[in-house]
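Quick notes on the structure that follows.
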Amino acid sequence: MTSDAEMHRWNRRYLQQGCRHLGKGPSKILLDWAHLLPEYGLALDAAAGVGANGIFLAEQGLNVIATDISEVALRLAVSQAQNEMLPLEAVVCDMALLQLPVNYFDVIANCFFLERATLEGYRRSLKDGGVLFFETLLNTDALAVVPNYYLQRGELVRAFADFEILHQAAGVACGENRFSEQLIARKPPPVRRYA
């Protein structure tokens, strides 16, 4: 599906259901592991939707950039952040095409979204010591799902094997017959080589 078609699909969805999503809290992985968040810094809420995770990160003291392909969803996120006087900015983009700045974010949260093209971008864009919170659906039935939208078991750990793994879990129940894989990882400082 093209970016324009995806954008229109998600905009329609949030026009119809956006207010229903506003009442939802942040992802459980962020709530359960909030003690790993820094006291201040810059966070990316990737594929933010209406910004529940971004709002939570801003409440914890972080400045937040929320990205999503849906302008409708991000308008709702920004409106809520403004009402609560929280530091959240929004960028409408196709995550597959987004070029993130290098060594820029202290935190990246990617919850229930998978675009494999972003994985290397997240690696580069986290600052040394930055923390990645990643959770998305796990492929538990290869015949029943579109593989591009689901992780293979252990895929996140392999993609960030050189990071410090702070938490990893696979097969986490997240709905009826739906399971996720979770990863929280800290980017290590570069290896210094002395002559």
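The values are calculated or read from the model by the stated rules, or taken from the named source; none is laboratory data. Please read all numbers here as calculations on a predicted model, not as lab measurements. Ideal geometry is used to build each Cβ from the backbone, glycine not excepted, and the neighbour counts take in all protein chains shown.
If a residue must be modelled with pLDDT of 90 or more and either within 16 Å of the chain's Cα centre (by Cα) or of a type in the set (Phe, Trp, Tyr) (or both), how many such residues does the range 158-181 contain?
Keep residues of the range 158-181 that are modelled with pLDDT of 90 or more, which gives 158-168.
From the residues that got through so far, the ones that are either within 16 Å of the chain's Cα centre (by Cα) or of a type in the set (Phe, Trp, Tyr) (or both) too are 159-160, 163, 167-168.
Final tally of qualifying residues: 5.
How about the range 64-78: which of its residues are in a helix (DSSP H, G or I), in contact (Cβ under 8 Å) with a residue 40 or more places away in the chain and buried (at least 24 other Cβ atoms within 10 Å of the Cβ)? Walk me through it before giving the result.
Filtering the range 64-78 down to residues in a helix (DSSP H, G or I) leaves 71-78.
Subset that is in contact (Cβ under 8 Å) with a residue 40 or more places away in the chain: 71-73, 76.
The one that is in a helix (DSSP H, G or I), in contact (Cβ under 8 Å) with a residue 40 or more places away in the chain and buried (at least 24 other Cβ atoms within 10 Å of the Cβ): ALA73.
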Checklist entry - Across the range 94-111, what is the number of residues that are touching a strand residue (DSSP E or B) at 6+ places or on another chain (Cβ under 8 Å) and modelled with pLDDT under 90? => result 2
Checklist entry - So, in the range 128-145, of the ones that are farther than 14 Å from ALA46 by Cβ, in a strand (DSSP E or B) and at pLDDT below 90, which residue ends up farthest from the chain's Cα centre (by Cα)? => result LEU138
Next on the checklist: Every residue in the range 36-55 that is assigned to a loop (DSSP other than H, G, I, E, B) and over 17 Å from TYR104 (Cβ atoms), please.
Outcome noted: GLU39, ALA47, GLY49, VAL50, GLY51
Item to check | Qualifying positions in the range 89-127 - of a type in the set (S, T, N, Q), over 18 Å from GLY41 (Cβ atoms) and not in a helix (DSSP H, G or I) | outcome: GLN99
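Residue by residue through the range 80-98, note down the ones that are surrounded by fewer than 14 Cβ atoms within 10 Å (Cβ to Cβ) and among the polar types (S, T, N, Q).
Restricting attention to the range 80-98, the residues satisfying the condition of being surrounded by fewer than 14 Cβ atoms within 10 Å (Cβ to Cβ) are 82-85, 91, 96-97.
Residues satisfying the conditions are GLN82, ASN83.
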